[in-house]
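Encoded as structure tokens, the structure appears first; notes follow it.
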Amino acid sequence: MAAFRKHIKVGDMKLFDTEMIYARAMALQSSHRKIDTNNLMSHELSPKPTSMFDDSGHMKEAKTKSTLKNALKVEVSSRHADVTASFLDGCAVMWVVSWPTGGGTVQDFLDNFRRHIQVHLQTSDVYLIFDRYNEGSIKESTRSDWDKGASRVYTLRPTARLPPQKVLLTVSSNKKQLIDLIVDDLVAHKNVLTASLVVTGNDPVPVQISRGVVTRREDMSITHEEADTMIIRQIAYVGASEVLVVADDTDVFVLLCHFVFEGDITGHVMMVSPVKGRSFIDINASVEKNRDVMGNLLAAHGVTGCDTVATYYGIGKGVALKVLRSNVHSLSNVGDINCSVEDAVQQLTRFILSCYGHPECESMAEARQKIWSTKVSRSIGGAPKLQTLPPTNETFRENVARGHLQVAIWRQAIQPNPPLMDPLNYGWSKDEGSSSLYPTIAAENVAFAPEELLKVIKCSCDSAVPCKTKRCGCYLAGMACTSFCKCEGGHGCFNQKTRECLQAETEDENM
Ligand SMILES: [Zn+2]
Ligand SMILES: [Zn+2]
């Protein structure tokens, strides 16, 4: 697992607790000590920015992505014209094809998959597109997170017994093998396939299977990684008049809207979920209905949370859409390969501050201080939760960098290749000797808490009767010692507050 900067060093001590520093700072704040709160709140006060990362160190995921699609889509009950070309998100289809159980083989699944494709081939040409699995990519780092739950790796052969769906489809290396087998199987059945099928699998060159003839489509060679972006490229390249896209993802919906709006996709586009019985989304009608937000939709969606960009606590897609509708923000720099991360930061500071309800602030740090003091003065129960505050300028910058990269990849979806941007310059880091990436928290020289605070959040009393006098920093501050102190905040500590805490804990346990 990639090593996040999980700790702050205090002397030779490493702190891992995300809440502890903040809790200590708040305790000091309410004691008689003078702390400069501007300086205090300009730090994250946690090893990980809690507005964007969860306790295990992973980026917070956008849980309300479909809110965006639901708010913008125009649905129709049937396609009104004959489809000339269908574009299928292969990995989404994998999930809905009937999964043979009880002794079924891999070949049984391949048969079911092929039959599913044949149904589409009865009405139009089909473009079947799978995600790629490149080592050391920004997508891989999010996928390997998914892998942790079910990390069993199989060697797949057609005659082998089919492993459970979840294990097969959530582990990248299993999925990659299955994609190869699907492509081989379709090629082997070239004579039974009606109409023309173009399959884009792990190989950059798609394979066309048409009337029993198999050809490599060098002209359609493509190195994008995500099926989402490859679908866009292929629709634009093929130039069909009536297009059906079979996919479920909000990212695909947003990309289709963007490129129809920009005029790169000229045909009429419908989108339908691979799950049967769902209605059709008319992309062109959706674009017409929401012209006011179309210019900035792609950027706004990317930077408020997607697979490679953290979402901000409390800032859902609904909030982002509302701010977008206010129509005062241009996000043109975001994902423009001629713009720097700083250009993107400039536009996004205003946009995200508006999402936080503080468009009047100049910086994230200013809003953070302001929101914190408002909440402190209103709250009876003490300080607000750290994650409800906006991030600091420094950690925000890194998330903007990731957003800039992702949106740049999306903007380039009509090209055969993604932009040449090194993720290490856009909010991603890598350990020596490892190929996998992890999100950068902040530049190396950024402190997570003020020096003077770090000094007082632990004591190093080592007398025979420790922490009994004002020589103990914790005692002096009127706070209990903790596991980070020399005394470890245990029964060997004579600080009255520590004893009270221990007593309370024991009572809790006995309840
Ligand atoms: Zn002490
Ligand atoms: Zn102590």
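The values are calculated or read from the model by the stated rules, or taken from the named source; none is laboratory data. Everything numeric in this text was worked out from a predicted model, so none of it was measured. Backbone-built Cβ (ideal geometry, glycine too); neighbour counts: all protein chains shown. Only protein heavy atoms, including side chains, enter the accessible area calculation; ligands, DNA and RNA are left aside. Shrake-Rupley method; radii C 1.70, N 1.55, O 1.52, S 1.80 Å.
Observations on the model:
- Residue-span extension gain [residue 161 to residue 289] - 0.36 nm each, minus C-alpha spacing: 41.1 nm
- Amide H contacts of residue 429 (H built 1.01 Å from N, under 5 Å, at least 5 apart or other chain): 438, 440
- Dividing the convex hull volume of the alpha carbon atoms of the stretch 458-510 by its residue count gives 60 Å³ per residue.
- Every Cα-Cα pair in the stretch 272-341 was counted, and those over 17 Å apart are 57% of them.
- Computed from the Cβ-Cβ distance with R0 of 56 Å, the FRET efficiency linking residue 195 to residue 56 stands at 0.75.
- Here the spin labels are modelled as points 7 Å beyond Cα on the Cα-Cβ line, and at residue 507 and residue 420 they lie 6.8 nm apart.
- Loop-resident trypsin sites (Lys or Arg not before Pro) (DSSP state other than H, G, I, E or B) in the stretch 232-295 with no more than 14 further Cβ atoms inside 10 Å of their Cβ: 276, 278.
- Considering helices alone, the calculated mean residue ellipticity of the chain at 222 nm is -12500 deg cm²/dmol, with DSSP H runs of length four and up weighted by -39500 (n - 2.57) and normalised per residue.
- Excluding the site residues themselves, the longest part of the chain lacking any chymotrypsin sites (Phe, Trp or Tyr not before Pro) in a DSSP loop with at most 16 other Cβ atoms within 10 Å is 134-511.
- The value for the stretch 78-278 of Rg(Cα) / (2.2 N^0.38 Å) is 1.00.
- Extension gain, residue 488 back to residue 202 (0.36 nm per residue minus Cα-Cα distance, nm): 97.6 nm
- Estimated FRET transfer efficiency (residue 363, residue 499; beta-carbon r; R0 60 Å; 0.05): 0.85
- Two-site label geometry, residue 63 and residue 377: point separation in nm, points 7 Å out along Cα→Cβ: 3.2
- Sites residue 337 and residue 133, calculated FRET efficiency, Cβ-Cβ separation with R0 25 Å, nearest 0.05: 0.50
- Accessible surface, per residue, of the stretch 180-268 when the full set of protein chains is kept, probe 1.4 Å, Å²: 35
- Computed over the stretch 99-141, the convex hull of the alpha-carbon atoms projects to a mean area of 4.9 nm².
- Apolar share of the accessible surface for the chain: 49 percent from carbon plus sulfur atoms, 1.4 Å probe.
- Other-chain or far-sequence residues with amide H under 5 Å of residue 245's (modelled H): 87, 270, 271, 272
- Extension gain for the segment residue 469 to residue 217, taken as residue separation times 0.36 nm less the Cα-Cα distance, is 82.7 nm to one decimal.
- Kirkwood hydrodynamic radius over Cα pairs of the chain, then Stokes diffusion coefficient at 20 °C and 1.002 mPa s, in µm²/s: 84
- Alpha-carbon centroids, the stretch 76-142 and the stretch 358-414: separation in whole Å: 39
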